[in-house]
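Heads up: the structure comes next, in structure tokens.
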Amino acid sequence: MQIFGGRWSKPKFLKWAWLCGLVAIATLLLSQILHPTASGSPLAGGQTTVLNRSSTAYEQPAANLTATDLEEHFAGDLAFDAVFVTPPARVNAGLGPHFNNSSCVGCHIRNGRGLPEKGQLLVRVSRPENQKTDQNLSPEPASLNSYHAEDYIAIENTPPVAGLGTQIQDQAVYGQPPEAQVEINWQEHQGKYPDGTPYQLRSPQALITLSKGQPLPPQIKTSLRIPPPVFGLGLLEAIPDATLQSLADPEDQNHDGVSGRPNRVWDGQKQAEVIGRFGLKANQPNLFQQSAAAYVNDMGVTNPLFPESNSDIDQQTLKAATFYVQSLGVPARTLLDNPEVKKGEHLFTQANCIACHTATLQTGAHPLQALAKQRIHPYSDLLLHDMGPGLADNRPDFLASGTEWRTAPLWGLGLTQTVLPYSSFLHDGRARSIEEAVLWHGGEAQTAQKTFKGMKERDRKALLAFLNSL
Amino acid sequence: MLPPDEGTLKAARKAWIETRVVWEQSEAFAFGPAGSLGYDGDLDDWPVNEVDVAAVLKDSKPITPELINSLQTTQKGFHTIELLLFGTNSNKVLPFSPRELEYLKYLTLAFDQTAQNLKQSWVAGVQGKPAYQTVFATAGESQNSAYPTQKAAVEEIVQGIMGCLDEVGKEKIGVPLTAKTTDKLESRFSYTSLEDFKNNIQGAENAYRGQITDSSSKGGESLSAWVAQQDPQLDQKIQQEFQAIQTALAALPKPIETQMTDPATLTQLKVSQDAILKVFETFEDQVLPLVKAKA
């Protein structure tokens with residue numbers, strides 16, 4: 001069995017955990033008094049914050065959970081870790097027939113991000129919007145049973161591709177062909193800072209071969225996405241809609257070159273259009289729907305929200321997995337008193353990175369009490385921004401255009417390679433370092449990127465030191 | 001390949017059990033490449049996809065390294081090899097079909113390669129990445145993107161120990177204890193789940209004492225020695241608590257798989273779980289704060 005973090009679910013432990021929690025909260029409150037400003041606060045996730053800078057940092061339950069919450073969290077941990085197999089089976093039956101991976105944690109490794117590799121990288125696909133039928137695109141229309149038509153909420157701007165649907169499942173149970181094979185080739189790009197220092201970037205090119213051996217027709221739109229980390233998401237769910245609306249500036253009325261707008265997506269339970277928050281284009285409304293979609297589309301595990309003909313898992317399991325991602329704590333910052341880090345934080349503000357990477361937000365109400373009314377430092381506005389042609393996937397997703405992405409939360413960023421050595425950054429994992437991620441910024445972030453590039457080497461290092469302290 | 005006889009089958013099973021010892025003892029420090037480069041999953045995914053393993057056996061496609069490579073992690077590694085060698089209830093008998101022998105052969109070759117890669121990732125680095133032992137040993141140096149402080153590296157060792165104790169207590173013992181069935185006993189095909197518990201705990205103790213075997217301790221270079229310097233009583237307490245776990249596990253019937261309906265077994269499992277809980281608490285309650293304050 002693979003090793004997972006977490007804690008004890010025993011009453012005896014809980015009593016002690018409670019005490020310990022109180023002590024932790026007291027310590028955290030104390031440190032908040034010592035570091036009263038948003039800048040320099042270690043409490044990235046408010047009272048959910050956990051003090052852990054090891055590879056288990058993303059696997060900790062929020063520090064302020066009640067004993068009952070903790071029990072539920074542990075049940076969720078088991079659900080998130082469960083590896084599914086082909087039915088019938090005594091344990092975890094329900095995989096496939098088409099899938100990308102057999103467990104949540106297989107993609108969100110140690111709750112961090114996945115790599116741009118088979119089994120972790122997702123490819124979303126759609127036909128061009130003006131193409132009424134896809135007959136010319138798929139030479140041999142696949143039969144209904146030989147691929148997985150995703151359970152998604154139909155939207156006009158991502159019409160499904162025959163034989164693929166809107167997501168490529170590149171694995172299948174033994175004996176069935178996967179929908180397609182995806183191979184990534186990396187293209188290198190050379191660049192130079194104004195001070196003459198050279199740098200190298202790389203971007204992915206997906207070579208997609210359909211099950212009969214033919215290449216994916218070039219008209220098909222594709223979007224490569226690596227699994228993002230899953231901690232702190234309950235807090236993001238608890239940010240009031242009004243806050244996101246107030247952060248938006250779609251017409252750029254303050255003329256800082258940065259606009260930003262929320263995505264609007266379909267909520268399958270409410271049967272209504274709501275603000276999108278989750279997924280790399282903010283294409284999911286909440287963690288319940290996000291998790292249910294992950295089960296059915298990424299793992300082929302049918303569930304009460306997307307039952308197809310039957311449910312492989314029950315409502316309790318679906319809720320448990322959702323609760324797990326809601327109730328993970330956010331790691332506290334490190335090296336707060338380091339002068340270079342302090343300078344870097346100042347430069348981050350000066351370069352106007354905060355126009356999108358909003359440092360401080362306040363959560364509102366949430367069914368999970370521990371998430372309510374928290375002052376948090378996610379470094380994201382959860383809004384969509386045009387990031388320029390370099391990062392564009394050219395595939396729309398609800399309101400998000402082919403150049404827009406949701407501002408990536410930067411909390412816990414410095415632990416990325418502690419949790420998952422060799423993992424990479426940005427939506428498709430193209431950036432091998434944080435520095436490369438900043439250099440890819442374009443579009444609305446072009447000015448900030450230019451400011452970064454124009455800094456003295458010392459200052460660039462300081463800015464990166466700050467990002468590593470998150 | 002000569003057909004196996006009782007002697008070679010016994011030797012193969014013994015080799016599986018011995019390999020298991022090393023792996024389970026390493027789980028207390030399986031941070032780094034084991035998870036991120038997929039080695040852990042390739043070697044030790046669980047449960048086995050029994051339907052798809054049966055499908056491989058029924059199929060006529062030749063078994064090749066490429067085919068093994070394309071399989072799901074739940075169709076290879078320790079537990080699939082275990083299923084093929086021992087059967088579903090440690091009840092497999094000769095003869096094996098030619099297809100079973102082929103599958104076993106290529107699985108073990110792939111297993112060996114993965115294990116080599118894992119070792120390589122620590123000592124020399126793979127895919128052009130730096131050796132992970134260097135990354136870990138240079139914690140606190142300015143270019144280190146994994147461990148910006150030495151304290152973080154010490155915390156890593158403590159969290160590794162705690163993660164291992166947690167997993168044995170909460171999952172490997174806890175889940176079957178609640179379910180009162182063998183379904184979730186990790187090595188139930190070979191009837192060696194109890195060995196897994198013992199070796200995981202031994203691994204946690206080894207990580208604490210900076211040793212691989214009882215005699216390999218380098219005296220002075222261990223978390224134990226450091227804790228003893230700060231608080232000799234705490235170190236003693238931990239050593240005693242580890243001893244108590246070993247005693248509790250030693251009192252369990254072997255194999256545990258055939259005794260899961262016996263109330264005495266369940267009681268003793270609970271005793272073992274409590275003992276593990278106790279040392280886990282000591283680490284979280286006392287060692288971790290000490291590391292955060294003083295390391």
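Details
- For segment B:269-295 and segment A:436-466, distance of Cα centres in Å: 43
- Cβ neighbours within 10 Å from other chains - mean over A:46-55: 5
- The residue among B:Gly7, B:Leu57, B:Leu288 whose Cα reaches farthest toward the positive pole of the charge dipole of the protein assembly as shown, with charges on the beta-carbon of Lys, Arg, Asp and Glu, is B:Leu288.
- Average beta carbon contacts from partner chains per residue of B:62-75, 10 Å cutoff: 3
- Straight-distance candidates among the lysines for linking to B:Lys151, with alpha-carbon spacing under 26 Å and chain neighbours fewer than 8 residues away dropped: A:Lys342, A:Lys343, A:Lys461, B:Lys119, B:Lys129, B:Lys218, B:Lys237, B:Lys278, B:Lys292, B:Lys294.
- Computed [θ] at 222 nm, deg cm²/dmol, chain B (DSSP H ≥ 4; -39,500 (n - 2.57); rounded to nearest 500): -19000 deg cm²/dmol
- The share of C-alpha pairs in segment A:253-338 whose separation exceeds 21 Å stands at 47 percent.
- Percent carbon-and-sulfur accessible area, chain A, ignoring ligands, DNA and RNA, probe 1.4 Å: 54
- Cα gyration tensor shape for chain A, rounded if a/c is under 1.5, else prolate or oblate: oblate
- Span-like helix ranges in chain A, DSSP H, alpha carbon extent 24 angstrom or more, Kyte mean at least -0.5: A:11-34
- With 5 Å bins beginning at zero, the pair-distance distribution over Cα atoms of segment B:55-153 amounts to 2, 11, 17, 15, 12, 9, 8, 9, 7, 5, 3, 1 %.
- Longest site-free stretch - chain A; sites: GluC sites (Glu not before Pro), DSSP loop, at most 11 other Cβ within 10 Å: A:252-470
- Trypsin sites (Lys or Arg not before Pro) restricted to segment A:240-323 and DSSP loop, no more than 10 other C-beta within 10 Å: none
- Two-decimal log10 I(q)/I(0) for chain B, as the Debye equation yields it once each C-alpha is a single scatterer, q = 0.07 Å⁻¹: -0.31
- Principal-axis analysis of the Cα atoms of chain B puts helix B:150-166 at an angle of about 50° to the longest axis.
- Evaluating 6.51 cos²θ - 1.76 cosθ + 1.60 at θ = phi - 60° for every residue in segment B:93-98, the Karplus couplings come out as 10, 5, x, 8, 6, x Hz, glycine and proline recorded as x.
- Around A:Leu244: net Lys/Arg minus Asp/Glu count, Cβ-Cβ under 12 Å: 0
- Residues B:Thr88 and A:Thr209, FRET efficiency given R0 of 45 Å [Cβ-Cβ distance, rounded to 0.05]: 0.75
- In sequence order, calculated HN-Hα J values of segment A:369-378 (Karplus, 6.51, -1.76, 1.60; Hz; x Gly/Pro): 3, 4, 8, 7, 6, 10, 8, 10, 10, x
- Binning all Cα-Cα separations of segment B:150-294 at 5 Å, short to long from zero, yields these whole-percent fractions: 2, 10, 20, 22, 17, 12, 9, 6, 3, 0.
- Per residue of chain A, the DSSP helices (runs of n ≥ 4 H) give a summed -39500 (n - 2.57) that works out to -7000 deg cm²/dmol at 222 nm.
- Ligands, DNA and RNA are left out, and with a 1.4 angstrom probe the accessible area of chain A is 39 Å² per residue.
- Centre-to-centre separation between the Cα atoms of segment B:15-73 and those of segment A:47-91: 24 Å.
- For the set B:Lys76/B:Lys105; A:Lys192/A:Lys453; B:Lys10/B:Lys76; B:Lys61/B:Lys92; B:Lys180/B:Lys270, the pairs lying more than 19 angstrom apart at their alpha carbons are B:Lys10/B:Lys76; B:Lys61/B:Lys92.
- Each Lys and Arg contributes +1 and each Asp and Glu -1, all at the Cβ; summed about the Cα centre of chain A, the dipole is approximately 1140 debye.
The values are calculated or read from the model by the stated rules, or taken from the named source; none is laboratory data. Keep in mind that what you see is a predicted model, and the values were worked out from it rather than measured. All Cβ positions, even for glycine, are placed from backbone atoms using ideal geometry, and neighbour counts span all protein chains on display. We work out accessible area using only protein heavy atoms, side chains counted, and drop any ligands, DNA or RNA first. Shrake-Rupley method; radii C 1.70, N 1.55, O 1.52, S 1.80 Å.
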